[in-house]
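Just so it is clear, none of the values below were taken in a lab; they were calculated from the coordinates. In this text, all values refer to a predicted model and were calculated from it rather than measured experimentally. Cβ atoms come from the backbone with ideal geometry, glycine included; neighbour counts cover every protein chain shown.
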Amino acid sequence: MKHVKCECGHVNPHGTILCEACGRVLQESEKEKQLVDMRYEGSARRSQTYNKTIVDKVWNFFSSVKVGVWLIVITLIASALGTIFPQEMYIPPIMPAAEYYEDQYGWIGKLYYDLGFHNLYSSWWYLVLIASIGISLVICSLDRVIPLWRALKAQRVSRHEGFLKRQRVFGVSEASNLDESYEKVKERLKAKRYNIREEDGNILAEKGRFSRWGPYVNHIGLIIFLIGGMLRFVPGMYIDEVLWVREGETKVIPETDGQYYLKNNKFILEVYDKDKDNQAFSEAIEEKGMVAKNYQSNVTLYKKKGETVAGQPPELEKVKDYPIKVNEPLKFEGYALYQVSYKLDELSKMTFTLGNKKSNESFGEVKIDLNDPKDRYDLGNGYAVEVVSYFPDFEFDDSGEPVTKSKVPNNPAFVFKMITPDKKEGEISFVAIQQTIEPFGDNEYKMNFSGIDTKNVSSITVRKDLTLWLIAFGGLIFMIGVAQGSYWNHRRIWIRRVNDEVWIAGHTNKNWHGLKREIQAVLEDTGIKEPEDQMQKEENKE
Amino acid sequence: MVSLSGNLLFASFILYLIATVFFAGSIKDKKGKLKEKGPNKWAKIAIFITIIGFISQLGYFITRWIVAGHAPVSNMFEFGTFFALSLVGAFIVLYYMYKTPLLGVFTLPVALLLIAFSSMFSRDISPLIPALQSHWLYIHVTTAALGQAILGMSFAAGLIYLVKAIDQSKPSKRTFWLETIMFGLICTLGFVLVTTTFSLLDYKAEFNWIDKNGQQLKQEYTMPAITGPNEGELLTAGKFEPLVEMPGIINAKKLNTVVWSLLSGTIIYLLFRLIIRKRVGAVLQPVVKNIKLDLVDEIGYRSVLIGFPVFTLGALIFAMIWAQIAWTRFWGWDPKEVWALITFLFYAAFLHLRLSKGWHGEKSAWLAVVGFVIIMFNFVAVNLVIAGLHSYAG
């Protein structure tokens, strides 16, 4: 690799525009410009220097800020498209997505679905966009941060005249009793927390250099964040399960290897009461009708004790009681249990009496646990009821056979065999809500519906997310970087004696107004003239 | 206490209005004595009144907090007024940083419009639904609003830049788009005027209509229906019959409000053009005559630099922490989340274009305007039009 040796003796890497040490303009094309381009200190960036191999080309593509901005803008537009209609995960499960979008939004909805926009954020091309932004972040940063770091490290106090002259803030003044002024200026710069380096009577005052690293730090944060997001696809890192538990029921918590069990003691739904709650709410409550105040599941968490013997219920040890509310999940061992939904008054038990149709005489009561019906209920004196078939969520299928849609007792139906002393073989009866069918002709006996018990059901989300710490760490680094780059400025003031003149130049990566004000304060009453903003001068000329 | 709170807000509204006049006055006064350094007497009075107004609005915020038992940032009205409060706060800080009274002439009217606009929605103190019952409500919403307000200052600066920089001697694309911005602001004013008028008239018209699922529903219009609901049947006697009937998938009532706002905005704008015979931008141009373009550019850029980290912290990071606690996941592609991401991406692009592509000055000013449009879209449209988890506003 060729190196460029500057007249000042410093050896610069190939492609350097401004000498890292003295700032002399090394590239011919730059010499004509009135102001030097101070971005990245005129250092040699790989992307600006090499363009031969495929690696160079890929590198140059992703290192371009233009490409980066395009990626951002395309992602931005794509993201906006995804909010035109709700994403598939937010549509009600009343019909398949393919029909839903057309049904609700007409032909545009169909188009939306056909283009795959109903799952836009998990589409391959959206992920490719995000990944490209990630690659661009890495390459852009590497392409700039290394040469910038070199250049800022190598910079010398005395800068070349051509460099100073081509700074945006620059001025020359003749000065008498310079030594006195110099001391004053130095003192004031120190008071303003500048780092001062001196060399042959020249001064370089610098502060806030670390703000130059802000963008790179925040890019590192973003990369960590994106890696954290990718980790979700590693098995075991992320768990998202839903657990419906009825009141009184104990269920194993999914994805815990059968180690943990959850009992739902009670589900509580509270609404605001216009008379009892804060009087200030009364109008709002009246207008809206009902406002939910609390969703809560009082649960007990159990841990399994010892080995489970097949066929035996596991031995459980209570860990703790906890009221799970919205915003107050139950946390244990990296898991979190959230209150997400509920169902009120699900059927839990049905009561029937066995009776004679003619005499209306009753022979006992049968209480059936709809989630765990027994095969046979003995009523004594030779009376008994057998449950031949049970359909918790009954409907007739296409061929007219009774089937069950689910295991949830939404619409229970039974085939009973009623055994009585006079009908020892038993009579068969099909019983559903508001419906009795006697498939083998007229029965003498009947199951009379006499009541129901209901229970509330809590829907609990079981979550484990081992990627969180990395994502949080990435977010923290990003915030540090973005604050570092935004709230501090890298300012430099060069003061150089050229014969009887004092040359002053200033540079800042941003907030020129602040720099000019600072220079003004530093130079006040020193006899040294305030430098001018050459950009403004040009503007005024126009 | 509730009425005290309301009165304090009203007082701040009036004070901001007066302060705007004084800020405008301070500009005119400057004409003769250009050399004078620093803000003049008018400007000093104006900033004083602004600060009193700010304190008064802070009083509204605190008293309402005490009454409700939670920070008043939970619906359209509360968020909008807090946004205005943050905007005025950001302006006061920037005023002392840059000593530019002109900024007040452009910022305070935006704050006034925000307060007026928000007041058109239900002002009832509402109880918090379970998902909102968390300290993160204050932390997340206030930080996000503050971030947006600081970013909003770059809109004010951008507007000043454009008014000054755009050549008004002949019509062009630039004058057209600048007028479009002005028209947008005027339509907001139109919305406020129309809503207030019909609410004072107590206009109420009830309709039977059929929604997209074929269900018959009742709906009450508070403005005369230009766009009527699907198969709508006017129930209230003596009220205006709809001019056009909308299909069921369109919310005809909201569209009606939009149509009224555009209509009234157009009328005000046309009247203005007819009487003054100049573009709004051209009328404002003399006001900005004495400001230096690079200073305004700097203020705009500074606002983005200060606001961007605050916005990211409030609208993304705090939002994610809360979402993890309340909704079981830190990110769920809810429309509000997505639009916060879009805002973030937009200002990220803004900063990259500025730092690396040298998009200073006018380009940067246009971007600041677009950024504010995105913020407003997230505030208004995402709450009212796009359904999602954040649609508490109703």
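From a point 7 Å beyond the Cα of A:K331 in the direction of its Cβ, which residues of the range B:310-349 have a backbone N at a distance under 11 Å? Counting backbone N atoms under 11 Å from the label point, the list is B:325.
Membrane-span-like helices in chain A (whole DSSP H runs, Cα extent of at least 27 Å along the helix axis, mean Kyte-Doolittle hydropathy of at least 0.5): A:124-154, A:468-487. With the highest mean first, a sort of the peptides A:197-203, A:337-343 on other beta-carbon atoms found within 10 angstrom per residue produces A:337-343, A:197-203.
Distance from the Cα centre of the range A:145-161 to that of the range A:459-534, in angstrom? Going from one Cα centre to the other spans 17 Å.
With r as the distance between the Cβ atoms of A:V73 and A:S362 and R0 = 45 Å, compute the FRET efficiency 1/(1 + (r/R0)^6) and round to 0.05.
Numbers: r = 77 Å, r/R0 = 1.72.
For R0 = 45 Å, the calculated efficiency reads 0.05.
Rounded to the nearest Hz, the phi-derived 3J(HN,Hα) couplings of the range A:17-27 under the Karplus curve 6.51 cos²θ - 1.76 cosθ + 1.60 (θ = phi - 60°) are 9, 10, 3, 4, 8, 10, x, 4, 6, 9, 9, where x marks glycine and proline.
Counting neighbouring beta carbons within 10 Å and listing from fewest to most, the residues A:K424, A:K374 come out as A:K424, A:K374.
How much mean residue ellipticity at 222 nm does the protein assembly as shown get from its helices, if each DSSP H run of length 4 or more adds -39500 (n - 2.57) and you divide by all residues, to the nearest 500 deg cm²/dmol? Let's see the in-between values first.
Values: 26 runs with 426 residues, N = 936.
Calculated at 222 nm, the ellipticity per residue is -15000 deg cm²/dmol.
Spatial offset of the range A:67-93 relative to the range A:286-318 amounts to 38 Å, using the alpha carbon center of each.
Evaluate E = 1/(1 + (r/R0)^6) for B:K289 and B:I249, where r is the Cβ-Cβ distance and R0 equals 51 Å; express this FRET efficiency to the nearest 0.05. With a Förster radius of 51 Å, E is 0.50. Relative contact order of the range B:33-126: what whole-number percent is it, with Cα pairs under 8 angstrom and at least 6 residues apart? It comes to 33 percent, rounded to a whole number. Pairs of lysines in the range A:45-153 whose Cα atoms sit within less than 30 Å of one another amount to 5, provided the residues are eight or more positions apart or on different chains. Take the Cα of A:N294, go 7 Å toward its beta carbon, and none of the backbone nitrogen atoms of the range B:328-370 fall under 19 Å from that spot. Using 27 Å as the Cα-Cα cut-off, could you pick out the over-long pairs in A:K251/A:K374; A:K263/A:K325; A:K190/B:K44; A:K207/B:K357; B:K41/B:K164; A:K358/A:K405? Result: A:K190/B:K44; A:K358/A:K405 exceed 27 Å. Take the Cα of A:E30, step 7 Å toward its Cβ, do the same at A:E286, and the gap between the two points is 7.4 nm.
Exposure proxy shown here: for B:L201, A:L523, the number of other Cβ atoms within 10 Å sets the order, fewest to most, as B:L201, A:L523.
Of the GluC sites (Glu not before Pro) found in the range A:1-58, those that fall in a DSSP loop while having at most 16 other beta-carbon atoms within 10 Å are A:E7, A:E32.
Can you compute the FRET efficiency between A:W469 and B:I268 using 1/(1 + (r/R0)^6), with r the Cβ-Cβ distance and R0 = 60 Å? Round to the nearest 0.05.
On the way: r = 55 Å, r/R0 = 0.92.
The formula returns an efficiency of 0.60 here.
Going 7 Å from the Cα of A:K52 in the Cα-to-Cβ direction, what parts of the range A:1-26 have a backbone nitrogen less than 17 Å from that spot? Residues A:1-4, A:14-16 fall inside that zone. For the residues of A:126-132, the average number of beta carbons from a partner chain within 10 Å of their own beta carbon is 0. A simple spin-label model places the labels of A:E532 and B:T196 5.1 nm from each other, with each point 7 Å out along Cα-to-Cβ. Our note on the geometry: Cα centres of the range A:397-434 and the range B:59-122, 66 Å apart. The residues A:S359, B:S199, when put in order of fewest to most other Cβ atoms within 10 Å, stand as A:S359, B:S199. Across the range A:241-356, the relative contact order, built from alpha-carbon pairs under 8 Å that are at least six residues apart, equals 18 percent. Legend: helices of chain B (whole DSSP H runs) are marked when their alpha-carbon atoms reach 15 angstrom or more along the helix axis and their mean Kyte-Doolittle hydropathy is at least -1.0; marked are B:2-30, B:41-68, B:76-98, B:102-118, B:136-165, B:173-200, B:252-276, B:293-311, B:335-357, B:361-379.
Summarising the label geometry, the points placed 7 Å from Cα in the beta-carbon direction at A:R197 and A:W124 lie 5.3 nm from one another.
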